[in-house]
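Heads up, the thing below is written out as structure tokens.
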Amino acid sequence: MKDRINKDRCVLVFSGGQDSTTLLFHAKKLYKEVIAVSFNYGQKHSLELECAKELCKKNEVEHHILDMGLLNQLAPNALTRSDLEVEKGDVAEDEVPNTFVDGRNMIFLTFAGIFAKQRDINVIMTGVSQSDFSGYPDCRDVFIKSLNTTLNLAMDYTFVLETPLMWLDKAETWNMAYELGVLDIIKDETLTCYNGIVGNGCGDCPACSLRKAGYLEFKENFLKG
């Protein structure tokens, strides 16, 4: 296994949403070169891919969109099926939201790993968070650590999966954007909304509710005075 780690370059799993866009600017401060990789998995609101493409273009980041259409066939969900409404409110403790896509982060990170290895890049950054994981099991720290080991073994290569948001809540993520000097970009140019509305979104879906609550908490706790 290759043990030398290239600390100058990074592959970023990039959706064009609040979290991954915050990480885009975070990564640009840490690495000489950041390459963003997005995934087309048949999501209803393909506008997120356009947002990702435009953000990378504006900020001079190399960007690739990989075709993951098969995922939509295997794991239908409210993010890819127009006949499924996004569930509102909390789900039962033993259930996951119908916006959860089985295997999505595992598949995305695996393909990001394959991509990174071809470029001789070790570091892969992703915006998963256990603090605000919304019931998604593949956003947990234990999953990331497990997959990191599996990827290393599967490809006989040293990968480093970085998750800077793992223990941050949404208010703290907003504050990261503020400290990076990109708060307005995150507010106005990212797409987090499950209903496909850029910026503040629809204000009603679970993603918008989490985003808004985090922003209000950020203003209350981090912008005092």
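The values are calculated or read from the model by the stated rules, or taken from the named source; none is laboratory data. Nothing here was measured: the structure is a model prediction, and the numbers come from that model. Just so you know, the surface numbers come from the protein's heavy atoms only, side chains and all, with ligands and any DNA or RNA stripped out. Shrake-Rupley method; radii C 1.70, N 1.55, O 1.52, S 1.80 Å.
Quick notes on this one:
- Computed accessible area, I144, all protein chains, 1.4 angstrom probe, square angstrom: 10 Å²
- In units of the compact-protein estimate 2.2 N^0.38 Å, the range 142-192 shows a Cα radius of gyration of 1.58.
- The candidates L191, L153, L70, arranged from most to least accessible area with a 1.4 Å probe in the full protein assembly, appear as L153, L70, L191.
- The lysines whose alpha-carbon is closer than 20 Å to the alpha-carbon of K7, local same-chain residues fewer than 8 away aside, are K28, K29, K32, K117, K145.
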